[in-house]
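Asker: For reference, the structure I am asking about is given below.
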Amino acid sequence: MEARASQTTEPLIQLVVNRVVEDSNTDTRIIVLARTDDAAEHFMVWVGASEGEAIKRALDAAITPRPMSHDLVKSFGEHLGIKTERVVLTDVKSSTYYATVFLENKGVARTIDARPSDAIALALRCQAPIYVTQDVWRRRSGQNLDAWLSKLETKEV
Amino acid sequence: MITQMQVKGLMFDPYNNAYIVILRDDDQAEMLPIWVGKSEASSISLALENVAPPRPMTHDFMKSYLDAFQAKVISVVITDLSENTYFSKIHLTYADSEYTVDSRPSDAIALALRSQAPIFASESVIRKQTSEELDQWLENLKPEDFGKLDS
């Protein structure tokens, strides 16, 4: 997947996490990301409840009494000197998104395969930028999701 | 003093709507139940059953993160228990140096199982635990109550 990301000559699109929406019907969370160059354009990723909460805690800068799983990954990085450089949403297959986490330590670069939820939860804690490839952006799910999402959010309020 | 513990299984605690990881020492003399959340229990269960999920789960990701730089988990130690919260340390080696990282026992156990690293408990934790009443009903549980976690 990293090969795919590096082969493409098209520039990556930077995203920021806008909010986490609870879908109480399915006990999942929807991560809503927005383009940094056009905040009206959204990208949504469905994640599990615990993964969604991990992202929400980072957004809210919530402090937990004990380090949660992604805080622990960040802590490993701080101890070992590993820097999370960036996260890229690199592929989508059968409605499943794939992410690659780019790491660096003393000039050595490594990439690891991850679910977007883990990649985003770590990126937010490390102030690392989040990108999506043009290809994945074009293949993002649904056309009328924004309308559907606002309905879901209205219902819950 | 620390005692090596084995993960014996997982069970559901309906009173607290949580899961309990059961650790026992090799002599089966000491037992240490650790309350964990659902997703942590699910992660420990996958490791115990040696199931590789289609996509890396959070602790698989954690392992990949360390593997990417040849950092190795050498052991985890459950060190303290205060107000029903357990503390643990993850011992790592990386580039000829040793590191100790603070964590929750659920993360430490999930990672240790994926790293074939031994799990230890400090004596004080086991002592504190055996004095608790919960120990008794846990002792009385049948082995069939342990084991598979559907999730």
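The values are calculated or read from the model by the stated rules, or taken from the named source; none is laboratory data. Keep in mind the model is a prediction, meaning the values are calculated, not measured. Using ideal geometry, Cβ is built from the backbone for each residue, glycine included, and neighbour counts are taken over all protein chains shown. Note: accessible area is taken over every heavy atom of the protein model, side chains too, but ligands, DNA and RNA are not part of it. Shrake-Rupley method; radii C 1.70, N 1.55, O 1.52, S 1.80 Å.
Asker: Suppose we keep only residues that are open to solvent by less than 70 Å² (accessible area, probe 1.4 Å) and under 19 Å from A:Arg138 (Cβ atoms) within the range A:42-68. Which one would you say is nearest to the other protein chains (Cβ to nearest Cβ)?
Answerer: A:Val45
Asker: Can you name every residue in the range B:82-115 that is modelled with pLDDT of 95 or more, more than 8 Å from chain A (Cβ to nearest Cβ) and part of a loop (DSSP other than H, G, I, E, B)?
Answerer: none
Asker: Could you tell me whether B:Phe12 is touching a Lys or Arg at 6+ places or on another chain (Cβ under 8 Å), aromatic (Phe, Trp, Tyr) and open to solvent by 40 Å² or more (accessible area, probe 1.4 Å)? First the steps, then the outcome.
Answerer: Details: touching a Lys or Arg at 6+ places or on another chain (Cβ under 8 Å): no; aromatic (Phe, Trp, Tyr): yes; open to solvent by 40 Å² or more (accessible area, probe 1.4 Å): yes.
Taking the combined requirement at face value, the residue does not satisfy it.
Asker: Kindly indicate which of A:Lys56, A:Lys74 is modelled with pLDDT of 95 or more, outside any strand (DSSP E or B) and in contact with a Lys or Arg (Cβ under 6 Å, 6 or more places away or on another chain).
Answerer: A:Lys74
Asker: Do you know which residues across the range B:24-64 are farther than 12 Å from B:Leu111 by Cα, within 11 Å of another protein chain (Cβ to nearest Cβ) and either open to solvent by 40 Å² or more (accessible area, probe 1.4 Å) or without any contact (Cβ under 8 Å) to a residue 60 or more places away in the chain (or both)?
Answerer: Once the filter is applied, which keeps residues that are farther than 12 Å from B:Leu111 by Cα, within 11 Å of another protein chain (Cβ to nearest Cβ) and either open to solvent by 40 Å² or more (accessible area, probe 1.4 Å) or without any contact (Cβ under 8 Å) to a residue 60 or more places away in the chain (or both), the range B:24-64 yields B:Lys38, B:Ser39, B:Pro53, B:Pro54, B:Arg55, B:Pro56.
Asker: Could you tell me whether A:Ala61 is free of Cβ contacts under 8 Å to residues at least 24 places away in the same chain and in a strand (DSSP E or B)?
Answerer: Working: free of Cβ contacts under 8 Å to residues at least 24 places away in the same chain: yes; in a strand (DSSP E or B): no.
So A:Ala61 fails the test.
Asker: State whether the residues of the range A:29-37 include one that is open to solvent by less than 10 Å² (accessible area, probe 1.4 Å) and within 13 Å of chain B (Cβ to nearest Cβ).
Answerer: Checking the range A:29-37: not a single residue is open to solvent by less than 10 Å² (accessible area, probe 1.4 Å) and within 13 Å of chain B (Cβ to nearest Cβ).
Asker: A further question follows. Among the residues of the range B:65-79, which ones are at the interface with chain A (Cβ under 10 Å from one of its Cβ atoms) and over 11 Å from B:Thr93 (Cα atoms)?
Answerer: Those that are at the interface with chain A (Cβ under 10 Å from one of its Cβ atoms) and over 11 Å from B:Thr93 (Cα atoms): B:Tyr65, B:Asp67, B:Ala68.
Asker: Let me ask something else about it. I'm checking my understanding of the structure. Among residues of the range B:82-128 that are touching a Ser or Thr at 6+ places or on another chain (Cβ under 6 Å) and of a type in the set (Gly, Ala, Ser), which one is nearest to B:Ala41 (Cα to Cα)?
Answerer: Among residues in the range B:82-128 that are touching a Ser or Thr at 6+ places or on another chain (Cβ under 6 Å) and of a type in the set (Gly, Ala, Ser), the one nearest to B:Ala41 (Cα to Cα) is B:Ala110.
Asker: Continuing with the same structure: Looking only at the range A:74-96, count every residue that is facing another protein chain (nearest Cβ under 8 Å) and β-branched (Val, Ile, Thr) and tell me the total.
Answerer: Count: 2.
Asker: Still on this structure: Of the conditions (1) within 26 Å of B:Pro14 (Cα to Cα); (2) crowded, with 17+ Cβ neighbours inside 10 Å, B:Glu83 clears all except one; give me its number.
Answerer: Single failed check for B:Glu83: (2).
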